[in-house]
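Enquirer: Take a look at this one; I'll ask things after.
All of the numbers you see were taken from the coordinates with simple rules; none came from a lab. Here the structure is a predicted model, which is why all the values come from computation and not from measurement. Methodologically, a virtual Cβ is constructed for each residue, glycine included, from the backbone with ideal geometry; neighbour enumeration extends over all protein chains shown.
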Amino acid sequence: MSHRYILEESKTELLESLRHRGIGERVIAAIESVPRERFVPPSLIHRAYEDTSLPIGHGQTISQPYTVAYMTQLLDVQPGCRVLEIGTGSGYQTAILCALGAQVWSVELISQLAEHARRLLGELGYHPTIVVGDGWQGYQDAAPYDRIIVTAAAPEIPMQLARQLCIGGKMVVPVGRDDQAMYLITRVSDAEFDVFATAQRFRFVPFVRPQASNDRDSVAR
Ligand code: SAH
């Protein structure tokens, strides 16, 4: 049995289990179209279609497929949507957004991850704008956005990001310390935001605040 055959079989199984867990066909088609095996380290290719997060180096992870599917579905991405992603990581979630026809800006703190993702996404024919930097303040240059997705755990709702949404725009963000609820924030008007939190819990790597920790360091010194 060839390696490729085994991957295809496990991909089919994964898609089937995502369907059973309530993921709709549009998101399923996007996941089907993106080769997750290209976004994991070579030594973990055989596990690319397990429904689990995997290490990608620098202490970071590629999110679990179910989590990516769930967040993507909640975000309700339409073709042509302007989407800001915080936490490019492997670039897998970025590719799914592109596959749904979105125009994507993605901010990543770790430059090596950003560069790797930029090259890989280009090779696969996706052309998001990958920005190296601290996504805590979002990315004002291309604001406002129709959608914002945060793929790292925020300690509280990042309202500074929600203010980069257009009216009617939506943001999906995992909020919590040890584990996280998924929050859907909708900008109802200039000053009003609707907040909905899911009962389901998730586990993300932390949304790092480099400036805040530098501040603490300088106080300690
Ligand atoms: N969507 C990614 C998930 C990566 S994990 C994937 O599926 O591969 C979360 C990412 O958020 C990590 O790469 C981490 O470096 C990044 N991150 C954490 N804090 C950040 C910040 N303040 N600004 C930008 N990126 C950040």
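Enquirer: Note down all Cβ pairs under 7 Å where the first residue falls in segment 84-100 and is touching a residue at least 24 places away in the same chain (Cβ under 8 Å) and of a type in the set (D, E, K, R), the second is near the ligand (Cβ under 6 Å from one of its atoms) and in a helix (DSSP H, G or I), and they're at least six residues apart or on different chains.
Expert: 85/93
Enquirer: For segment 113-138, how many residues are out of contact with any Gly (no Cβ under 8 Å at 6 or more places or on another chain) and near the ligand (Cβ under 10 Å from one of its atoms)?
Expert: Looking only at that region, the number is 8.
Enquirer: Going through segment 165-188 one residue at a time, which ones are more than 17 Å from the chain's Cα centre (by Cα) and in a loop (DSSP other than H, G, I, E, B)?
Expert: Within segment 165-188, 177, 178, 188 meet the criteria.
Enquirer: Residues to consider are 32, 37, 50; find the one that is assigned to a loop (DSSP other than H, G, I, E, B) and away from the ligand (no atom under 12 Å from the Cβ).
Expert: Numbers: 32 fails: assigned to a loop (DSSP other than H, G, I, E, B); 37 fails: assigned to a loop (DSSP other than H, G, I, E, B).
Only one candidate qualifies: 50.
Enquirer: Inspect all residues belonging to segment 120-132 and state whether any of them is touching a Ser or Thr at 6+ places or on another chain (Cβ under 6 Å), farther than 18 Å from residue 40 by Cβ, in a loop (DSSP other than H, G, I, E, B) and not aromatic (Phe, Trp, Tyr).
Expert: yes
Enquirer: Of (1) more than 8 Å from the ligand (Cβ to nearest atom); (2) touching a helix residue (DSSP H, G or I) at 6+ places or on another chain (Cβ under 6 Å); (3) under 23 Å from residue 22 (Cα atoms), residue 104 satisfies all except one. Which?
Expert: Every listed condition holds for residue 104 apart from (3).
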